[in-house]
1. If I build a Gaussian network model for the chain, linking alpha-carbon pairs within less than 10 angstrom, which residue out of 63, 77, 111 has the largest mean-square fluctuation?
2. What is the log10 of I(q)/I(0) for the chain, computed with the Debye formula using one identical point scatterer on each Cα and no solvent, at q = 0.12, 0.22 Å⁻¹?
3. Hey, rough spin-label estimate for residue 19 and residue 45, points 7 angstrom out along Cα→Cβ, what's it come to in nanometres?
4. Using only the Cα atoms of segment 40-87, construct the convex hull and provide its projected area averaged over every direction, in square nanometres to one decimal.
5. Mind checking the angle between helix 80-92 and the chain's longest principal axis? C-alpha axes, 0 to 90 degrees, to the nearest 10.
6. Roughly how tilted is helix 114-126, in degrees to the nearest 10 and between 0 and 90, from the longest Cα axis of the chain?
7. Name the most mobile residue of 45, 55, 24, meaning the one with the largest mean-square fluctuation, in a Gaussian network model of the chain with Cα contacts below 10 Å.
8. Counting helices only, and only those DSSP H runs with n ≥ 4, report the 222 nm mean residue ellipticity of the chain as the sum of -39,500 (n - 2.57) divided by its residues, in deg cm²/dmol to the nearest 500.
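No value in this document is a laboratory result; all are computed from the given coordinates. This structure is a prediction, so every number in the text was calculated from the model and none was measured. All Cβ positions, glycine included, derive from the backbone under ideal geometry; neighbour counts span all protein chains shown.
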């Protein structure tokens, strides 16, 4: 793919300050985490909090929160063709994008809410 073709489809940016992160995530269409090592990064949780459909590398930590096809897409590590296939599928299927986005927000709320952490803390404290 030529660089000029990429520029029409993708926007690469950097958050200048931490306060800018939510706005940047919210302006995105999806979140792609093609990492080789980061099993469960904060950036994935932030993207899920902003209701982004997430495409992630098949690593053990990621699979603790992402279920392929339900709340995200998991692709094999270093499989560029598979990444391209899923990104293309996501952009050509609005229903799929919206369903994944909705499910990421539900997942993050259920697994990482302050109330859930409080209940777990109290349960461990009292047992």
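1. 111
2. Result of the Debye calculation: -0.50, -1.40.
3. Calculated label separation equals 2.3 nm.
4. Projected area, direction-averaged: 3.1 nm².
5. Computed tilt is about 90 degrees.
6. 40
7. Largest GNM mean-square fluctuation: 24.
8. Details: 6 runs with 67 residues, N = 127.
Dividing the helical sum by the residues of the chain leaves -16000 deg cm²/dmol.
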